[in-house]
1. Answer yes if at least one residue in region 119-137 is in a helix (DSSP H, G or I) and at pLDDT 90 or above, and no otherwise.
2. Just to be sure I understand, how many residues within region 444-464 are surrounded by fewer than 20 Cβ atoms within 10 Å (Cβ to Cβ) and part of a helix (DSSP H, G or I)?
3. Residues being under 16 Å from Val24 (Cα atoms) and without any contact (Cβ under 8 Å) to a residue 24 or more places away in the chain: count how many of those fall in region 204-246.
4. If I ask for residues that are among the aliphatic types (A, V, I, L, M) and closer than 19 Å to Ser403 by Cα, which ones from region 148-188 would you list?
5. Are any residues in region 261-281 in a helix (DSSP H, G or I) and open to solvent by 10 Å² or more (accessible area, probe 1.4 Å), and if so, which ones?
6. Among the residues of region 345-372, write down those that are touching a Leu at 6+ places or on another chain (Cβ under 7 Å) and under 22 Å from Leu168 (Cα atoms).
7. Quick one: which helices (runs of 4 or more DSSP H) sit completely within region 345-443 and have at least 1 residues that are surrounded by fewer than 18 Cβ atoms within 10 Å (Cβ to Cβ)?
8. Which of the residues that make up region 313-338 are open to solvent by less than 40 Å² (accessible area, probe 1.4 Å) and within 18 Å of Ala290 (Cα to Cα)?
Amino acid sequence: FQKIRRTFAAGPRTMHLTSSLLAVAFLTSFGSSMLYGYNLAVVNSPAVYIKEFYNKTVLSRNGTWLTEETLTLMYSLTVSVFAIGGLLGSLIVGMLVTRFGRKGTVVNSTVLVFIAGSLMGFSRLWVFPETVIIGRFITGIHSGISLSVVPMYLGEIAPKNLRGFLGLVPSIFIGTGVFAAQVLGLHELLGKVFIVPTFIQLMLLPWFPESPRYLLIEKHNVHATITALKWYRNNCDIQAEIEEMQEEQHSLSSVETLSVWRLLHDDTVRWQVLTVAVINIGMQLSGIDAIWFYTNSIFENAGIPGPEIEYTTAGTGVIEIIAGLVGCFTIEKLGRRPLMIGGFAVMGICSAGITLSLILQVCVHLLFMRYISVCCVVGIIAGFCIGPAGVPFLITAELFKQSHRPAAYIIGGSLNWLSNFTVGFVFPFLQRSAGSYCYLVFATICLSVAVYVYIVLPETKNKTFMEISRMFSKKGSVLETQALVHVDQLKLKKMNGYGGLDNTAMEPETSSPALISNRPFPGNTNRIG
C-alpha cells in the first residue's frame, strides 16, 4: 500500500490515494471480483472429470451411459447456468443498493457464496450432480450483484482523478481469479473450494464506511458523509467534494431513484444508455468467455499435446494479471477511450488470427501455426484485460447521476449476462458447425465496438458529471441541451429530475463557494463548515 501511495503522491496535488481507499478496493475486489473470475474459468480444466462424474451418476441411476449430445448439453448448461444466475443478480442489484447501500450489498450478498460452496463441495459425496448446477446458479447470482455494485461503490468513494485507477482494480482480481481457477483446476489440485477470499471480505469490509455520495444524496446523513470522506481522504481538504455532492443533491432533491423503464424513456440520456448497452454486449460477445470457458478444447483443436494443455492454459493466467496491472496503472494517463479502442482492436485482430492459423495448420500442414494460435489466444486475453474487462463498468458509473446509476447498472449488467449466457451455451455448437471460422464472428464484433467507441464515446478522464453530460449533449436533441446547464453560471429550476433553463432567472450565480458550502442540506439544519 505504501509503495503505491508514494507513486501517486508524486503526481498532481489533486491525487489523494489513501490506504483506506486501497484497502476497500482490494477487499471488495478480492472477495467478489476474484470469485467471479474464478467461476468463469473453473469449469474449463476439470471439464473431463465433470463429464465423467455426470456419466457415472446417470449410469448408476438408469443403467445406461449418456449420449454425446446429451453430455454436451449438460456440460453447456453447467457452464451457462452461471450466467443465468448472474442475470438474476444484475436485475435485483438496483433494489439492493437502494435499500442496503453499496457496501451493505457487498457484505450481505456473501451468504450466497457459502450456500453455493456447500452445494458444490458435497456434490460428489451426495452423488448428486444437480447440486453442481444449482451451486453455479447461486454463485452466478452473487457475481451478478458484485459485478455491478463493486465498481459502483469504488466509483463513488474515489476522487474523480482516481476513478479510473480504482475502477480497474476489480479487473486485476478477475484475472487473478481466472488464474486461480486454472491452477486449482489441475488434476492434482482438483476439488479445492474457493471461498476463503469472501470470508476475509466478510470479516473486514464492515469496518469501512459506506459510500459518501449514497449517505448524502440518498440518506441525507450529513454527519456520516463527512465522517466517511475524512476516513477515505485522511487529512485532505474535503470541502470541494462536499460542494460538488451538494450541487448534485439540489438538482435531484425532488427525484427518486429512476426505474429501468423511466431511464429507457429519458431522452436526455439516450446516448449514454446506448453506449452502456453497446460496450457491455460487446464485452461478452467479443469471445472472451468462449476463451475462458473452453481454453482447453481450443488448444486441443490447435494441436497442442494433451499433457501440455492444462499447463499452457494456466500459463495464460499470468498474462491476464500483467495486462490488468498495465491497464490499471495507465488509465489515468492514457484515458478510457484508448484502452477500450486498443483492447477491442487487438481482440478482433487476434480472433481473426486464430481462424487463419487453424486453416493454415490443417490445409498447408504448417505445424508451427499451433503456437501462433496460442499467441492469438494470449493476445485476446491481454487485449481484454487491459481495457474491456473493467472500463465498461467504470464508464457506467461515470455517465449517470446518482438517481440514474442503479437503473443503468441493471441495464448494462442484464445485457452483459445475457450475452455471457449466449456465448457459453452456443459456442460448443458453433465450434462444431463452423469450425475455425467461428472466431470471425468474434473478430467482427470486436472491431465494430472499437469503431463505435472511437466515434461516439468521449473521453471521461478526470471529468465531472456535468462535463460528461455536456459532451454527450452534442449528440442529442434540444431536450438534452436544455437539460445540461452549467451550475456555476446559470440557476436551475427542477424539471424532469435534471433541471431546465429558468427563463425568469438567467443572471449569473453570484454566490461564492463559501456561501454555497454554508447552505443547509434538505432535512438538516446544520451547516457544513
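1. Scanning region 119-137, I find at least one residue that is in a helix (DSSP H, G or I) and at pLDDT 90 or above, so the answer is yes.
2. Result for region 444-464: 8.
3. 4
4. The answer is Val149, Val150, Met152, Leu154, Ile157, Ala158.
5. Those that are in a helix (DSSP H, G or I) and open to solvent by 10 Å² or more (accessible area, probe 1.4 Å): Trp261, Arg262, Leu264, Asp267, Thr268, Arg270, Trp271, Val273, Leu274, Ala277, Val278, Ile281.
6. Correct list: Ala345, Gly348.
7. Numbers: elements: 369-386, 391-398, 405-434.
Here the list reads 369-386, 405-434.
8. Residues satisfying the conditions are Thr313, Ala314, Gly315, Thr316, Gly317, Glu320.
The values are calculated or read from the model by the stated rules, or taken from the named source; none is laboratory data. Treat the numbers as computed from the prediction; the structure is a model and nothing was measured. Methodologically, a virtual Cβ is constructed for each residue, glycine included, from the backbone with ideal geometry; neighbour enumeration extends over all protein chains shown. Surface accessibility is based on the protein's heavy atoms, side chains included, excluding ligands, DNA and RNA. Shrake-Rupley method; radii C 1.70, N 1.55, O 1.52, S 1.80 Å.
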